[in-house]
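Peer 1: I have a structure here, written as structure tokens, and I will follow up with some questions on it.
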Amino acid sequence: MTGKRSAGIVLYRHHEGELQVLLGHMGGPYWSGKDAGAWSIPKGMPEDDEEPETTARREFTEELGLPLPPGELRPLGEVRQAGGKLVQAWALAGDLDPEQVIPGTYTMEWPRGSGRFRDFPELDRVAWFPLVQAKEKIVKAQAGLLDRLQQSVAFGQH
């Protein structure tokens, strides 16, 4: 994986008869006042020549501070985000408690041009959402991954 690519996991569960997905609200000052379109699957960029699935597994743990639940990863393909980045994802049936999340952090200059660097959480909130609501909250391009998840669950592939 080279260039503008990332890989992630769409963790899903059936709860009280409905399909739900785990999303994280992107941390940092740019996203602080936004809700719709400001949520994402746990994902990140590869290290060196890392395989995409390895990246997805590592990033899940780094972003959430929790181990990836056990189970079989099912490919959902990739989508291209507005900035051109390709996001490759896998679906995983599982569960975790968002209250247990200990988010990873990143460092950036803030305010821009100030010469001061601050740490921000990669994800400042994590929550389970019914699929319809998740499609409203997630970054627009990633909604295609949720459509694929919904289709595969409907056809009994997951």
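The values are calculated or read from the model by the stated rules, or taken from the named source; none is laboratory data. Note that the structure is a prediction, hence the values are computed from the model and not measured. Every residue, glycine as well, gets a Cβ built from its backbone with ideal geometry; the counts of neighbours run over all protein chains shown. With ligands, DNA and RNA removed, areas are computed over all heavy atoms of the protein, side chains included. Shrake-Rupley method; radii C 1.70, N 1.55, O 1.52, S 1.80 Å.
Peer 1: Just the number, please: carbon plus sulfur as a percent of the accessible area of the chain, 1.4 Å probe, no ligands or DNA/RNA counted.
Peer 2: 50 percent
Peer 1: Could you provide, to the nearest whole Å², the per residue accessible area of the stretch 6-158 with probe 1.4 Å?
Peer 2: 52 Å²
Peer 1: Continuing with the same structure: Test of understanding: given the chain, find the longest segment containing no trypsin sites (Lys or Arg not before Pro) that are in a DSSP loop and have at most 14 other Cβ atoms within 10 Å.
Peer 2: With trypsin sites (Lys or Arg not before Pro) excluded where exposed in loops, the chain gives 35-111 as its longest stretch.
Peer 1: When DSSP beta bridges are limited to those with both residues in the chain, what percentage is antiparallel, rounded to the nearest 5?
Peer 2: 75 percent
Peer 1: Farthest toward the dipole's positive end in the chain, which of GLY113, ALA89, GLN20, given Cβ charges of +1 (Lys, Arg) and -1 (Asp, Glu) about the Cα centre?
Peer 2: So the residue furthest toward the plus end is GLY113.
Peer 1: Taking DSSP loops as anything outside H, G, I, E and B, show the longest stretch in the chain free of chymotrypsin sites (Phe, Trp or Tyr not before Pro) there with at most 15 other beta carbons within 10 Å.
Peer 2: Maximal segment without exposed cleavage sites: 31-154.
Peer 1: Related question: With +1 assigned to the C-beta of every Lys and Arg and -1 to the C-beta of every Asp and Glu, and no other charges, what is the dipole magnitude of the chain about the Cα centre in debye, to the nearest 20?
Peer 2: Roughly 660 debye for the chain.
Peer 1: Please build a GNM for the chain, connecting alpha carbons under 10 Å apart, and tell me which residue among GLU59, GLU109, GLU78 fluctuates the most.
Peer 2: GLU109
Peer 1: Grab the beta carbon distance between GLU53 and ARG116, set R0 = 30 Å, and tell me the FRET efficiency rounded to 0.05.
Peer 2: With R0 = 30 Å, the Cβ-Cβ based efficiency is 0.20.
Peer 1: When we measure straight from the Cα of LYS140, which aspartates and glutamates land under 16 angstrom away, once same-chain ones fewer than 8 places off are left out?
Peer 2: Excluding near neighbours in sequence, the set is ASP35, GLU78.
Peer 1: Determine the relative contact order of the stretch 39-151: mean sequence separation of Cα pairs under 8 Å and six or more apart, normalised by residue count, in whole percent.
Peer 2: 26 percent
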